[in-house]
Structure formats: C-alpha cells, structure tokens
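Single-structure report; data block below.
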C-alpha cells in the first residue's frame, strides 16, 4: 500500500480557472470568424499556432514533465497537480478545437480533402492519428485529470486514488506524445509535397 | 468511498462509443465531398446509440452512487462539449454537407456530446464520497 498516503492538503484551488474563460472565449470567437470568412491566413494561423502548441505541450508533457512527476512523492504530485491540472482543463480542449477546425477548413480551402488531390492520403492519415489521440485523450487522459482534481478537493485526499489516476494520466500523455511524432511527420510531408 | 465497490463497466462502454463515433466520423470525413457508402458510418452510429442507451440503463440501476458529483461534472461537460459540437455542426453545414450525410454527421456529433458527460461524470463520481 505504498500509495495509500492520506495527506492533509489545502484545497483552495479552482478546478476550472474561471479567470481564463474570457481568453478561451476570445479564441473561439476568433476561430468562428476565421471559419465564417474562410480567410486563408486566419485558418492557417489557428491551425499552425494551435497545432504547434498542442504538439509541443503533448511532447513536453509526455517525455519531459511526465517522467519527472512519476518520480515525485505523492504529496509533491498533489501540490504540482493542483497548480498544473486546472490549466490543462481549459488549455488543451481549446488548442484541440482550434487546430482541428482550422485544419479541416484549411484542407478544404486548399482542396486537400478531395480524393483526387495528392495530399489526400496524408490528410486521411492525419485524421486517423487525430482520431486515435481523441479516443486516448477523451477516454482516459481528461477523465483522469478531472478525477485527480476532484480528489484533491476533498478534506483528506486519497493518495492511492491520486497515484492510480496520475499514472493513467502520465501513460496516456506519453502515448499521445508519441503519436504527435507521427503528426509531425505527416504535417511536414503535407507541407512539402 | 467507492474505490473498492464493484461498478458496471460504464467507462469502458463510453470509450467504445467514443471509438465508434470517431471511426465513423473519420471514415465519412475521409470520403467527403464525394458520395460514398454510408453503411459503415450508419452501423457505427447505430451501435454507439444503442451503447449509450445501455449505459443509461446501467446508470439508472446504480444505488449508493455519488450522484451529486456525477451531475456536477456531467452538466459542465455537457455545456463545454455542446459548444464544441455546435462548432463542428456549423462547419459541416457551412461546408455544404447536406442530406443523409449531414444527418449521420449530426447523429455522430450528438452521440459524442452526450457520451462524454456520462463518461466524465461517472469516472469522477466513482471515487467521490456519497
């Protein structure tokens, strides 16, 4: 029962950082305007900036931060999680929708989604990779993230539960990080065909 | 605490539903805008919809569950992913997707938006105190 550490922790943190919601709203409004106006630069901006940040964060989390957290003590993980996880709850879905909506419209704008186009195969490959990442992220990573935050909100958080959910979070972050390497290969191929 | 209590496989079913809607959506999107067979996507949508019903039945049979936590997470997840789903629906309509393809895409998006609140709510509530 190495993880069965029950530690008193201050629970004065927000699961959703409400002060950041206006920023998220600005991104969504900008994205809707980009889609509605179908401007190439705006679509490219949302796809490249969103995708770059998404890929970078996934790789950094999966291969740099993840292994470090894995070696921390449970109380240290709790302290880190309280500050880190709420930001991820808002940041990642926003980056994902900006990347995917911008990317889809960009592919449509440029004709990449037509099966006759030379980029089509790579675009479909990217859809498959994103689809697998979506299942991993929404099926395992995000619920684990929320589970950890709710556990940390309790008067006496259960270290065993946090350890279990954090392990799930870190493994899935590593997996999506590895899949982002495939995304990098696909996107650089599309850009240079 | 519910950590040791045996619970129905709601989360596992939710992940299968997610995989089905993603597979169906990717298959259809990969063939747009040309006409393609809708059999595969229809099949994934029907199976996913049935599995959502199975999950709802499993949930109604639960006793001693942390429903307050479940509904707290589920309602906010529903709000967030409804916005997400609405954005997707808007894009497909704006791109001129119509008829049975749009109906299938819409069904896929609705199942996606309904499934995630159940999944997130259940996953969090299973560890919550009653």
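Below, the figures for the structure above:
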read-out	value
Separation of alpha-carbon centers, region A:125-182 and region A:77-110, rounded to whole Å	13
FRET efficiency, 1/(1 + (r/R0)^6) with R0 25 Å, evaluated for residue A:167 and residue B:67 via beta carbons	0.35
Full-stretch length increase - residue B:129, residue B:103 - with 0.36 nm per residue and alpha-carbon distance subtracted	5.3 nm
Of every Cα-Cα pair in chain A, the percent that sits beyond 31 Å	26
Crossing angle, helix A:142-152 versus chain A [Cα axis fit, 0-90 degrees, rounded to tens]	30
Separation of the residue A:110 and residue A:154 label points, Cα + 7 Å toward Cβ, nm	4.9
For A:54, A:41, order by how many other beta-carbon atoms lie within 10 Å, fewest first	A:41, A:54
Inter-label distance, nm, simple model (7 Å from Cα along the C-beta direction), residue A:68/residue A:185	2.8
Least to most buried among B:112, B:27, B:71 (fewest other Cβ within 10 Å first)	B:71, B:27, B:112
Nearest 10 degrees, 0 to 90: helix B:99-125 Cα axis against chain B principal axis	20
Computed [θ] at 222 nm, deg cm²/dmol, chain A (DSSP H ≥ 4; -39,500 (n - 2.57); rounded to nearest 500)	-25500 deg cm²/dmol
Where N is the number of residues in region B:10-125, Cα Rg divided by 2.2 N^0.38 Å	1.13
Modelled FRET efficiency - R0 35 Å, residue A:12 with residue B:6, Cβ distances, 0.05 increments	0.50
Per-q log10 I(q)/I(0), the protein assembly as shown, q = 0.07, 0.10 Å⁻¹ (Debye; single scatterer per alpha-carbon; no solvent)	-0.29, -0.59
Helix A:120-136 axis, angle to chain A major axis (alpha carbon atoms, nearest 10°)	20
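Read the figures in this text as sums done on the coordinates, not as results from a lab. Here the structure is a predicted model, which means the values were calculated and not measured. Glycine gets a Cβ as well: all are built from the backbone with ideal geometry, and neighbour counts include every protein chain shown.
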